[in-house]
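What follows draws every value from the coordinates through simple rules; no lab data is involved. Since this is a predicted model, take the numbers as computed values, not measurements. Glycine gets a Cβ as well: all are built from the backbone with ideal geometry, and neighbour counts include every protein chain shown.
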Number of protein chains: 2
Amino acid sequence: MTPSAIPLQPKVKYKKFNYKTEIEWKSGKRGESKCAGRPGILVSSPPEFRGEAGLWTPEEFYVSAIETCALMTFLALAGRKNLSFLSYRSSAEGDLEFVEGGYRFTRVTVRPVISISDPEARRAVLDTIMDAHKKCLITRSATAEVVLAPEIRVETD
Amino acid sequence: MTPSAIPLQPKVKYKKFNYKTEIEWKSGKRGESKCAGRPGILVSSPPEFRGEAGLWTPEEFYVSAIETCALMTFLALAGRKNLSFLSYRSSAEGDLEFVEGGYRFTRVTVRPVISISDPEARRAVLDTIMDAHKKCLITRSATAEVVLAPEIRVETD
């Protein structure tokens, strides 16, 4: 075959996914966010933007979307590698700043703390959470810079 | 005063805000998203990514963050204008597509349905929801194109 006759690599066909939510205004600064088959979540604005205290806000959904995606991507990758760990928890914080005429999130920092029992697994677990960070689809959908600062703890009896 | 001696306009000092969440892995593909003083939310991946059905996902948090921010910004602007309306509900959907080596949200469409009793308020309500869309800080923090498709209904007895 001449080079020009080499058949083109068949293209991988990637699926398109679609996610739906609903919201209903209740009264004052209170709404209920809904998603089919899930419990409803009462939402408001943060108190500093004259919202009702004690309710989830769009700002927290944004930060949690990134934080939750890091965990879920880690679980998927760790599962494929049969990597075991004892616990995973993280804290996350998002910085909202006024830039170029309006407020937006400029940075979200996620700090996972992953406990393992086998010291030899430290490298693999660290590589996996960093890989999860790179592959996180919410991070790819955010203009904020997302910083991952993981800590791997070896727990011995 | 010569032009060069005109004092510079004092800069408006914009505050910086910070939003914090936490997550704890429970078992399998299940975690609990937490925020101080709010009820915890059980989360997973979507079933198509091998998650547990019936739980909120990062994808839905992302879409709801945008949808909830549109409502909350509308409530703030309508309040300032003393604009009255009977009800507000919306549906939203986000398209997740594979682009440039990974999945990300390419578009989020929010469809608010706002009911009013005074037909004369239609224009002001429409202007206000479009303005809320422009000022939505989560939309500014998202790489997805956000499309707002509002409907204003006049309800007569």
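Take each residue of peptide A:80-93, count the partner chain Cβ atoms within 10 Å of its Cβ, and average: the result is 3. The smallest convex shape that holds all Cα atoms of the protein assembly as shown, its convex hull, gives 244 Å³ per residue.
Computed over chain B, relative contact order equals 17 percent, with contacts defined as Cα pairs under 8 Å that lie 6+ residues apart. Could you list, in their original order, any pairs among A:20/A:81; A:13/A:134; B:34/B:81; A:29/B:26; A:135/B:26 whose Cα atoms are separated by more than 28 Å? Listed pairs above 28 Å: A:20/A:81; B:34/B:81; A:29/B:26. Computed over the alpha carbons of region B:1-135, Rg followed by Dmax gives 21.2, 72 Å.
What average count of beta carbons from other chains do you get within 10 Å of the Cβ of residues in A:32-43? Don't jump to the answer; show the numbers that get you there.
Working: counts 2, 10, 4, 10, 2, 3, 9, 6, 0, 8, 2, 8.
Per residue, the number of nearby Cβ atoms from other chains is 5 on average.
Database remark: amide H of residue A:146 closer than 5 angstrom to the amide H of A:108 (H placed geometrically; neighbours at sequence offset of 5 or more, or on other chains; Pro and chain starts carry no H). Working note: 222 nm ellipticity from helices only, DSSP H runs with n ≥ 4, each -39,500 (n - 2.57), summed and divided by the residues of chain B, gives -8000 deg cm²/dmol to the nearest 500. What separates the residue A:115 label point from its copies, with the point 7 Å along Cα to Cβ, is 5.2 nm, written shortest first. Placing +1 on the Cβ of every Lys and Arg and -1 on the Cβ of every Asp and Glu, with no other charges, gives the protein assembly as shown a dipole of roughly 340 debye about its Cα centre.
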